[in-house]
Amino acid sequence: MPSPRRSIEGRPLGVSASSSSSSPGSPAHGGGGGGGGGGGSRFEFQSLLSSRATGVDPTCARLRASESPVHRRGSFPLAAAGPSQSPAPPLPEEDRMDLNPSFLGIALRSLLAIDLWLSKKLGVCAGESSSWGSVRPLMKLLEISGHGIPWLLGTLYCLCRSDSWAGREVLMNLLFALLLDLLLVALIKGLVRRRRPAHNQMDMFVTLSVDKYSFPSGHATRAALMSRFILNHLVLAIPLRVLVVLWAFVLGLSRVMLGRHNVTDVAFGFFLGYMQYSIVDYCWLSPHNAPVLFLLWSQR
């Protein structure tokens, strides 16, 4: 008697088994000697497999395929899914955003911003229309007093007119100090290449090509160098010594007021001029260590 259980397709299992029992290779045939009960159970299992494989709704199949990690947007494809896309090349080091700047970089940027702001505030004589524009001619006259060319010409003239060995020795070292100052300032300006302030008017006295750069201030280095040289090698009264120091300070301040330099240019210029005298004092020229130079000047 056929089994009352039905398959998924809705037909009685017994009818399917009887209709297919005539074929010798069917599952209900028992594989050539199997029992009827075993053939029915095997046919039921086979029909379940076939219905599970072929009877799935196409909509459900598409949904399952879209949920697969292979077809999901933005996911990495598997090796068996086809040719994989190569990842994007990393950005070069200079194009990456520096999210963690160093403390030194932040300090330098802050110092530069303060320097530019303070230099612009102190540039009260930068133009005729500035708040202290009427004092600009006096500041430019003070600028000439710290220029290198008048100091070089005056030193050479005094050296040629000098007839004492002591005076010649002092003037020879003063000439050496001035030449050293011009060399070091030109070298540092060429290396740093810092532009002058934007509010500066290029109407300086005897402007050379190197003077388009701002750091350091050549007037400030020369003022510090000359004031220290004069205070150490000339016997002056106290009011004159105070006047020499005041001249150096006002000359450095006038560079900022005229808009020629920033505050840090003048500050570093004072430091460099102070150290230049230490070099001159260490390499002091005398008839004992440089007799050839003094013989040449004595013959003149």
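The values are calculated or read from the model by the stated rules, or taken from the named source; none is laboratory data. Note that this is a predicted model, so its numbers are computed, not measured. Note: ideal-geometry Cβ built from the backbone for every residue, glycine included; neighbour counts use all protein chains shown. In case anyone asks, the SASA skips ligands and DNA or RNA and just uses the protein heavy atoms, side chains included. Shrake-Rupley method; radii C 1.70, N 1.55, O 1.52, S 1.80 Å.
If R0 equals 41 Å, the separation of the Cβ atoms of ILE238 and SER102 corresponds to a calculated FRET efficiency of about 0.25. As a rough guide to protection, the peptides 103-111, 196-204 ranked by mean Cβ packing within 10 Å, highest first, stand as 196-204, 103-111.
Once C-alpha pairs closer than 8 Å and six or more residues apart are averaged by separation and normalised to the residue number of the stretch 206-278, the relative contact order reads 53 percent.
Converting phi to 3J(HN,Hα) with the Karplus coefficients 6.51, -1.76 and 1.60 and the offset θ = phi - 60°, the stretch 274-290 yields 5, 6, 5, 5, 4, 5, 5, 5, 6, 9, 4, 8, 9, x, 7, 9, 9 Hz in sequence order, with x at every glycine or proline. Using a simple spin-label model with points 7 Å from Cα along the Cα→Cβ vector, what separation in nm is obtained for SER145 and ARG194? If labels sit at SER145 and ARG194, their model points lie 2.6 nm apart. Residues LYS121, LYS140, sorted by accessible area with the largest first, give LYS121, LYS140 [1.4 Å probe; ligands and nucleic acids excluded].
Each peptide among 171-184, 253-266 gets the average number of other Cβ atoms lying within 10 Å of its residues, and from highest to lowest they stand as 253-266, 171-184. Taking 19 Å as the straight-line reach from the Cα of LYS189, the lysines in range (excluding those fewer than 8 positions away in the same chain) are LYS212.
Relative protection proxy for 129-136, 160-167, 242-249, from highest mean packing down: 242-249, 129-136, 160-167 (other beta-carbon atoms within 10 angstrom). Cross-link reach is defined here as a Cα-Cα straight distance under 17 Å, omitting same-chain residues fewer than 8 places apart; for LYS120 none of the lysines meet it.
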